[in-house]
Amino acid sequence: MLSGKWLFRAEETMKKKRFWRISIGVYSELLLLSAVALVLWAVAVHNDAYEQLHDFIEAHEALELDEVLVGLICAGLMGFVFAVRRMNDFRREARFRRSAETQASWTAVHDALTGLPNRRFLEQHAVQMIAERGGMQCHAVLAIDLDGFKRVNDLIGHDGGDALLADIAQRLRRLFPDDIVVRLGGDEFVVICKIAPALQLTVRAEEIISNLSRPVAIKGVHVEIGACVGIAAPSDRQVATLKDLLLRADYALYSGKKAGRGCAMHYDPAMDGAMSGRAKLEQQLRRAVRQKAIVPHYQPLIDLETGDVRGFEVLARWEPAPGQFIPPDEFIQIADDIGIIIELSENLLRRACTDALNWPAHLKIAFNVAPSMMGDRLLAHRILTILADTGLSPRQLEIEVTESALVRDLDTATAVINSLRKEGVTFALDDFGTGYSSLSQLSNLTFDYIKIDRAFVEAVGKDRKRMKIVKSIIALADGLDIPTTAEGIERPEQLAQLKSLDCKFGQGYLFARPMTFTEASGFLQNAAAPEGVAQMKQA
Ligand code: C2E
Ligand code: CA
Ligand code: CA
């Protein structure tokens, strides 16, 4: 791998230099000692020192100077052997330290999972490396983000996800053997490639997309993902830094992702405005959460047989400016990305519990929990604290979770569900039919309700195939003694069909849209009035 080799070479040269500096120091000391010994020996030979010494020893037999001399010679020899051995130890230790240091600095700038250089490499070494390869003006940046990786990760678990990422890294390396391929983190990669006269960046980006979209078998499961690529190349008029190009490729990628899966997009200066829009939105959202400006709205859950209201689903609403509406799926995702989802959800739940105290005690509030929150071991504690603070009975609370929330971290999700169910909180499996592993989740966990996703309900009375799916979901749930709720009922004929299929509960614009607390309270009064019940039954 190019960057690995490059880095290794640079580090090697540096360390070799240091090693030789120390070695030369030690060797020169030894050499000096040897030179002194040689001079002493030469002086001794020149002055017949041996004969004089011999005569002296014989004259002073009583002092046993010959033994002392032998002792001194032995000590000298042993000292020499010791010095040589120390020298060898020193060399071995230096070699060991050199390889450990190289290994440590390699690890610091490479990703352990894929072996690709990481973000730190990009910050610390990439500029120098690019300079050695001809400078930024002959390089382009391709920012890559995988499509659907989260879902696949949920499906095959984290080990499988890791294996997939390692495979993706190999494919990118093979596609760009002479360029810099970096894993930024998660499912984001960057390629910094040299621009050749005949090189078409769009073609290269499309190559990446088609290569990464090839299905692969991981842990016996056939997985398929896609990719989007943002392209940024230096323009003729402006000298761009690596940082500029990385940012532009990121803008292009972000716009490409919005356009849909498998998209390759070139950077356009007009994207700058849109990006600062997202930053502004994040800032507004942080403020709205802090000021508790995001409020719950309520959509009734209706018993299809009796027309009675069973409860309300709590749906978050945010109006940043009068008349401006941002859909919850959008801001919930942003809140999740920027780490304020728990604060947002706690505010909403607290408010909804307080509102629910004003309604009859047999009514439930159904609260959506974001998938990332089901991996929070403190979730049960957080929810029970809010219930205790507000005084709402746990029996009045229902939690809606999606299937993908469960496969992320099944152990934690199971623990959360079990401890809340023990207190009387019920659980509904949301958006059923759209996620993965539906059947295994159903057999492993206890759900009180199953919500059939709107995509299937929409097709009731229109599309025979999807209608059959609805029929089998209801039959399956019935076999497990779990009542079903159909989401998004809009037309009377849908309602009639669902009733005929024995779907127990329903929700949708046909009954009511999500409403404010005051409107929902009015709706309850109206539904309780004899004519209201009659209307509901007719619907
Ligand atoms: P969801 O949980 O599937 O909620 C049902 C969505 O279907 C709501 O969209 C609701 O307004 C819409 N809906 C209900 N009846 C009909 C109908 O007859 N026709 C049509 N076309 N739509 C109908 P909404 O409020 O835009 O929420 C979208 C998603 O955002 C929700 O899907 C849920 O996943 C998420 N969400 C909303 N509020 C929260 C929240 O407080 N926390 C979390 N974690 N997610 C939330
Ligand atoms: Ca829901
Ligand atoms: Ca739903």
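Results, tabulated for the structure shown:
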{"read-out": "Mean Cα-pair separation over length for the chain, i.e. relative contact order, pairs under 8 Å, 6 or more apart, %", "value": "10 percent"}
{"read-out": "Inter-label distance for T412 and Q283, nm, one decimal - labels placed 7 Å from Cα along Cα-to-Cβ", "value": "3.2 nm"}
{"read-out": "Unsatisfied cross-links (Cα-Cα over 32 Å) in the set K280/K504; K194/K280; K219/K504; K150/K471; K292/K364", "value": "K280/K504; K194/K280; K219/K504"}
{"read-out": "Sulfur and carbon atoms: percent of accessible area, region 119-268 [1.4 Å]", "value": "50 percent"}
{"read-out": "Spacing of the two label points (7 Å from each Cα toward its C-beta) at D448 and K150, in nm", "value": "2.7 nm"}
{"read-out": "Sequence ranges 243-250, 519-526, ranked by mean other-Cβ count within 10 angstrom, highest first", "value": "243-250, 519-526"}
{"read-out": "For region 448-465, 3J(HN,Hα) per residue [Karplus equation, 6.51 cos²θ - 1.76 cosθ + 1.60, θ = phi - 60°, Hz, x = Gly/Pro]", "value": "8, 9, 10, 9, 7, 4, 4, 4, 7, 5, 3, 7, 4, x, 10, 10, 4, 5"}
{"read-out": "Order by protection proxy (mean Cβ within 10 Å, highest first), peptides 253-264, 35-46", "value": "253-264, 35-46"}
{"read-out": "Positive-pole candidate from Q284, M271, T241, dipole of the chain, charges at beta carbon", "value": "M271"}
{"read-out": "Amide H within-cut-off set for D111, under 5 Å, with H built and near neighbours excluded", "value": "L116, N118"}
{"read-out": "Farthest toward positive dipole pole in the chain [+1 Lys/Arg, -1 Asp/Glu at C-beta], among L32, A405, Y254", "value": "Y254"}
{"read-out": "Computed over region 119-268: relative contact order in percent, which uses C-alpha pairs under 8 Å that are six or more apart", "value": "30 percent"}
{"read-out": "Sorted peptide list for 352-363, 444-455, criterion being average Cβ within 10 angstrom, highest first", "value": "444-455, 352-363"}
{"read-out": "Mean accessible surface per residue for the chain, computed with a 1.4 Å probe while every protein chain stays in place, in Å²", "value": "54 Å²"}
{"read-out": "Solvent-accessible surface (1.4 angstrom probe) belonging to M265, in square angstrom, nearest 10", "value": "50 Å²"}
{"read-out": "14 Å beta-carbon shell around E188, net charge (K/R +1, D/E -1)", "value": "-2"}
{"read-out": "Length gained when the stretch Q291-T390 is fully extended (0.36 nm per residue, less Cα-Cα span)", "value": "33.7 nm"}
{"read-out": "For the chain, calculated [θ]222 nm from helices alone, where every DSSP H run of n ≥ 4 adds -39500 (n - 2.57)", "value": "-18500 deg cm²/dmol"}
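The values are calculated or read from the model by the stated rules, or taken from the named source; none is laboratory data. Just so it is clear, the model here is predicted, and its values are computed rather than measured. Heads up, the Cβs are rebuilt from the backbone with ideal geometry, glycines too, and the neighbour counts pull from every protein chain shown. All accessible areas refer to the heavy atoms of the entire protein, side chains included, with ligands and DNA or RNA removed. Shrake-Rupley method; radii C 1.70, N 1.55, O 1.52, S 1.80 Å.
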